[in-house]
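Worksheet: the structure to be examined is printed underneath.
The values are calculated or read from the model by the stated rules, or taken from the named source; none is laboratory data. Bear in mind the structure is a predicted one, so any value in this text is a computation, not a measurement. As a convention, Cβ positions derive from the backbone with ideal geometry for all residues, glycine included, and neighbour counts pool all protein chains shown.
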Amino acid sequence: MQSPVANSLDHFWMPFTSNREFKAEPRLVTRSEGMYCWDYKGGKILDGSSGLFCCAAGHGRPEIAKAVHDQLLANDYTAPFGLGHPGSFELARKVAALCPEEINRVFFVNSGSESIDTALKIAMAYHRARGEGQRLRFVSRERAYHGVNIGGVSLSGMVRNRETFSGVIPNVVCMRHTWLEENRYTRGQPERGAELADDLQRFVETYGGSTIAACFVEPIAGSTGVLVPPKGYLERLRQICDANGILLVFDEVICGFGRLGTPFAAQAFGVTPDVMTMAKALTNGAQPMGAVAVKDEIYDTIMNAAPENAIEFFHGYTYSGHPAACAAGLAAQEIYEREGLFERAAELSDYFLDAVFDLRDLDVITDIRGYGLLAGFDVKSSGKPGARGTRLQKQLFWNGLHIKFTGDAGILAPSFVAERSHIDEMVGVIRRTLQEEN
Ligand SMILES: Cc1ncc(COP(=O)(O)O)c(C=O)c1O
C-alpha cells in the first residue's frame with residue numbers, strides 16, 4: 001500500500017466543486033472567526049454567505065465548541081432507536097417554540113437533504129394513516145433546490161442537478177418559478193406574480209387533487225438566486241392546499257433561524273405550512289444537523305394509526321439527534337436568544353439591502369432581489385451560462401470576499417453579527433471586482 005502523502009489534494013473528491021480547477025489553485029481555508037476566514041497563505045476573506053447560510057452567529061463561537069466538547073465527554077453517543085438522551089428532547093422543545101403555534105413535533109436528521117426525504121416520507125405516512133394512501137404525487141417548482149438525496153433531487157427544479165439522475169421518484173410535477181422580468185430590481189416581495197400559484201390548481205384539475213400528497217416550496221428560493229415570493233403567492237398556495245387536502249411543506253433550510261428577521265419565513269410571510277424542513281443555522285453550522293417540524297395533527301394521525309406499543313414511523317438515522325449535534329444546537333439557539341440575533345438581522349436588513357441595491361448602476365448586473373439578510377444579483381452571462389459566475393466567485397475570493405454563486409447569480413447572506421462596516425466591505429469588494437473584470 002502506498003503511504004499517504006502529507007497535504008496531498010489527490011484523494012478527497014470534493015462536492016459540487018470543479019475538482020480539477022480547485023486542485024490547480026486551491027482555495028483552502030484553515031481558520032475562521034467572526035465574520036472572516038483565512039486561507040492557508042494567510043489571506044483574510046470576509047464571509048458574505050455565512051459559510052453556506054449556516055453561521056448566523058458568526059464563525060468560531062466558543063460557547064458552541066465548549067458545549068460540544070462537554071457533551072462528548074459526558075455522553076458521546078446514544079443509540080437513537082428505542083433509547084433517548086435529554087439533549088434531543090430539549091432541542092426539539094426549543095425548535096417547536098420558534099415554530100408557528102400549531103407546529104410542535106420535531107424529527108431530527110443530519111442535513112437539509114435528509115430533512116426533505118424525511119418530509120416526503122412523513123407526507124406519505126400521514127396520508128396512508130388517514131386512509132388516503134393513494135396520494136403519491138408531489139408538487140415542487142422550477143428553480144427549486146431541495147438538496148441532493150434521491151427525494152430532494154426528484155423535487156429539484158435545477159437541470160444540472162437532475163439530468164444525470166432523473167426520474168428517480170415518479171409523479172413529481174413542477175410549478176413555474178416565480179422570477180418575472182417585470183419584477184426586476186424589486187426589493188422585498190414583488191407586486192406581480194401571485195397567479196403563478198394557480199399552477200398548483202391546474203395540477204389539481206389535471207391529476208385530481210386527491211392524488212397529490214404535498215406541495216414543496218422554499219418560501220424564498222435561495223440557492224437559485226434568491227427568488228422572493230410575489231405578494232399573495234404563498235397565501236394562494238395555502239388556499240389551494242387546504243381546499244384539496246394537500247400538505248404544504250416549506251423548505252426553510254435557508255430561511256429558518258432568523259435569516260428573514262423572524263424565526264422562520266412562515267412568520268415573515270404570515271403563512272403557516274403543515275411541515276417545515278430546516279438545517280444549516282440550527283447549529284450555527286458547527287455540527288451537521290437538520291430537522292423536520294410538523295403540525296400536531298400530522299404527528300397524532302401517524303401515532304394513532306399504529307397499534308399500541310408498535311413503532312409508528314419506520315424511519316430514522318443512526319445519527320438522528322446525535323448528542324453532540326443537539327449540544328451545538330442548544331448552544332446556538334441560546335446565542336441567538338441572548339444576543340437577540342433574529343431582531344438584529346431585522347434591524348440590519350435595510351442597511352444591507354440599500355447597499356446591495358446600490359450596485360444597480362453596474363452594467364454587468366441585470367437584476368437584484370432581496371429580503372431580510374438574503375440578497376441575490378444576476379450578472380450578464382459571458383460565454384457559457386455560469387462561466388462568468390464561476391470566474392467571479394474565484395476573483396472575489398482572491399479579492400477578500402466569499403459569496404455563493406449559482407450559475408450567474410451571486411447570493412449574499414451575511415451573518416447576523418455583521419456590522420455595517422462589513423456590509424460596506426462586502427459590497428465594496430463586489431463593486432471593485434466587477435469593475436476590474438470589465
Ligand atoms: C432550501 C434547501 N433545501 C435543502 C438543502 C440541502 O441541505 P444539505 O446540503 O444540508 O443537505 C439546501 C442546501 O443548500 C437548501 O438550500
Original post:
Any idea which residue in the range 208-218 is nearest to the ligand (Cβ to nearest atom), counting only those that are buried (at least 24 other Cβ atoms within 10 Å of the Cβ) and more than 21 Å from Gly407 (Cβ to Cβ)?
Top reply: Phe216
**OP:** Go through (1) away from the ligand (no atom under 16 Å from the Cβ); (2) surrounded by 13 or more Cβ atoms within 10 Å (Cβ to Cβ); (3) not acidic (Asp, Glu) one by one and return the number of the condition Gly84 breaks.
**Re:** (2)
Original post:
With Ala331, Ala310, Ala355 as the choices, which residue is surrounded by 22 or more Cβ atoms within 10 Å (Cβ to Cβ), small (Gly, Ala, Ser) and modelled with pLDDT of 95 or more?
Top reply: Ala331
**OP:** Given the conditions (1) crowded, with 23+ Cβ neighbours inside 10 Å; (2) closer than 19 Å to Ala281 by Cα, report the number of the one that Arg338 does not fulfil.
**Re:** (1)
**OP:** Search the range 368-404 for residues being within 22 Å of the chain's Cα centre (by Cα) and surrounded by fewer than 18 Cβ atoms within 10 Å (Cβ to Cβ), and hand back the single one that is nearest to Ala418 (Cα to Cα).
**Re:** Thr390
Original post:
Could you say whether any residue in the range 112-134 is free of Cβ contacts under 8 Å to residues at least 12 places away in the same chain, assigned to a loop (DSSP other than H, G, I, E, B) and surrounded by fewer than 22 Cβ atoms within 10 Å (Cβ to Cβ)?
Top reply: yes
**OP:** Starting from residues that are in contact (Cβ under 8 Å) with a residue 24 or more places away in the chain and out of contact with any Asp or Glu (no Cβ under 7 Å at 6 or more places or on another chain), keep the ones in the range 151-171 and report whichever is farthest from the ligand (Cβ to nearest atom).
**Re:** Asn171
Original post:
List, please: which pairs have Cβ atoms under 6 Å, are six or more places apart or on different chains, and start with a residue in the range 415-438 that is of a type in the set (Asp, Glu) and end with one that is at pLDDT 95 or above and crowded, with 19+ Cβ neighbours inside 10 Å?
Top reply: Glu425/Leu46
**OP:** Could you pull out the residue among Tyr319, Tyr351, Tyr299, Tyr336 that is more than 23 Å from Ile423 (Cβ to Cβ), aromatic (Phe, Trp, Tyr), in a helix (DSSP H, G or I) and in contact (Cβ under 8 Å) with a residue 12 or more places away in the chain?
**Re:** Tyr299
